[in-house]
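*Asks:* There's a structure below that I have some questions on.
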Amino acid sequence: MNINDFVILPGSKTGTSVRLKAKTVRELQLEKVQLQTENEEMEKRLQQLKSNMSREKEERKASSAYHWKSGQTRPMTTQAQVLSQRRENNNKV
């Protein structure tokens, strides 16, 4: 390196070079651009995820075979009847 490439700014105890400041500014600008592109990619991925989730939700609504309908009673299975009778017998004793 050549000493003439650097300029020491007055008022600085340690001395700061103009070239180093310019380099950090360039690095920060590159980092900013990189972060912006990463942000755009993440936004695209988020939108894709949202659309996939809404599509799956619509598919589940359309199939509605397994949709819970509250408040409807159905006959108990034999296993459920046996368990219910055992509980009633235990409560009587």
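*Asks:* Rounded, prolate or oblate: pick one for the range 23-64, where a ≥ b ≥ c are the square roots of the eigenvalues of its C-alpha gyration tensor, a/c under 1.5 means rounded, and failing that, prolate if a/b is larger than b/c, else oblate.
*Replies:* prolate
*Asks:* Hey, another quick one. Using the Karplus equation 6.51 cos²θ - 1.76 cosθ + 1.60 (θ = phi - 60°), what ³J(HN,Hα) coupling, rounded to whole Hz, does each residue of the range 28-35 give in order, writing x for Gly and Pro?
*Replies:* Using θ = phi - 60°, the values come out as 5, 5, 5, 5, 4, 5, 4, 5 Hz.
*Asks:* Starting from the Cα of residue 60, step 7 Å along the direction of its Cβ; do the same at residue 80; then give the gap between the two resulting points in nm.
*Replies:* Those two pseudo-labels are separated by 2.2 nm.
*Asks:* Something else about it: Please compute the per residue accessible area over the range 23-64 with all protein chains in place, 1.4 Å probe, rounded to a whole number of Å². Before the final figure, lay out the partial values.
*Replies:* Numbers: 4170 Å² over 42 residues.
About 99 Å² of surface per residue is accessible.
*Asks:* For the range 23-64, give the percent of accessible area contributed by carbon and sulfur heavy atoms, probe 1.4 Å, rounded to a whole number.
*Replies:* On the way: 2210 of 4170 Å².
Summing carbon and sulfur atoms, their accessible area is 53 percent of the total for the range 23-64.
The values are calculated or read from the model by the stated rules, or taken from the named source; none is laboratory data. Since this is a predicted model, take the numbers as computed values, not measurements. As a convention, Cβ positions derive from the backbone with ideal geometry for all residues, glycine included, and neighbour counts pool all protein chains shown. Please note that ligands, DNA and RNA were not included when accessible areas were found on the heavy atoms of the full protein model with its side chains. Shrake-Rupley method; radii C 1.70, N 1.55, O 1.52, S 1.80 Å.
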